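Read through the structure below, which is laid out as structure tokens, and then see the notes.
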Amino acid sequence: MSDERKGPGAIALGWWKQHISRRDEAGQRGLSARLRRADIIKILCEPAVHELYRDLRMKPSQSYDLARLATLLAELRGNDRQTLAQVLGGEKPILSRSRFEHLIRAKGDDLTDGLRNAIHMLKPERRVCNVAVFAADLMNWEAARRRWCFEYFDPDTPAPTNDDRRLQDSEETSE
């Protein structure tokens, strides 16, 4: 399937698999480390990040969103069926309710820092979630954060499908 027909989550997952996921390879380990530690300018100077920018058809005005996406994808160690909200929540949540509520209201740098801190609460080998859903959620945080509330408190909530995303997007534009 061409990138034109893929959603942003699938595109970001493909990029993550190509550039970040294989940490046993020096090039991917190095890129991941640089993205995790860099400021926005250093992130935007990475050729791989420009590949993601082109594939997602982003605009220069979305540079902060691009940097957030790249740096947070670099924090993830694996791809799984569960969303990050499901991993962090449940009966014995890893992220406390008050921290979750603060995260779900966050914007800008506070959102980036909050998500990074939440991911760091997981052991490195458990920094695993549905990468495509996570990326798509970052690209449309306002719509995703309400769903995160359900997923955090009920980890059995099914992960969204493409049809769910289209419906959610149409609800957002009609409000």
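The values are calculated or read from the model by the stated rules, or taken from the named source; none is laboratory data. Keep in mind it's a predicted model, so treat the numbers as computed, not measured. Here the Cβ is made from the backbone with ideal geometry for all residues, glycine too, and neighbour counts use every protein chain on show.
The set of residues in the range 26-44 that are loosely packed, with under 12 Cβ neighbours inside 10 Å and either more than 16 Å from T112 (Cα to Cα) or touching a Leu at 6+ places or on another chain (Cβ under 7 Å) (or both) comprises A26, G27, G30.
Quick one: count up the residues across the range 19-37 that are of a type in the set (D, E, K, R) and in a helix (DSSP H, G or I).
Adding up the residues that qualify gives 4.
If you go through the range 33-79 and keep only what is within 13 Å of the chain's Cα centre (by Cα) and either closer than 18 Å to A144 by Cα or aliphatic (A, V, I, L, M) (or both), you end up with D65, L66, A67, R68, L69, A70, L72, L73, A74, L76. Taken over the range 116-139, residues that are of a type outside the set (A, V, I, L, M, F, W, C) and either buried (at least 17 other Cβ atoms within 10 Å of the Cβ) or touching a Pro at 6+ places or on another chain (Cβ under 8 Å) (or both) amount to 2.
Restricting attention to the range 80-100, which residues are in a loop (DSSP other than H, G, I, E, B), of a type in the set (A, V, I, L, M) and within 14 Å of the chain's Cα centre (by Cα)? Don't jump to the end; show me each part of the working.
Filtering the range 80-100 for residues in a loop (DSSP other than H, G, I, E, B) gives 80-83, 89-96.
Still in the running and of a type in the set (A, V, I, L, M): 94-95.
Hits for the range 80-100: nothing passes.
In the range 45-60, the residues that are modelled with pLDDT of 95 or more form Cβ pairs under 7 Å with partners that are in a loop (DSSP other than H, G, I, E, B), at six or more places apart or across chains, as follows: D55/D3.
Is it true that some residue in the range 106-115 is modelled with pLDDT under 95 and over 18 Å from L72 (Cα atoms)? No, that holds for no residue.
Here is a list: L103, L76. Which entry is among the aliphatic types (A, V, I, L, M) and part of a loop (DSSP other than H, G, I, E, B)? Please lay out each step first, then the result.
On the way: L103 fails: part of a loop (DSSP other than H, G, I, E, B).
Within the list L103, L76, the selection yields L76.
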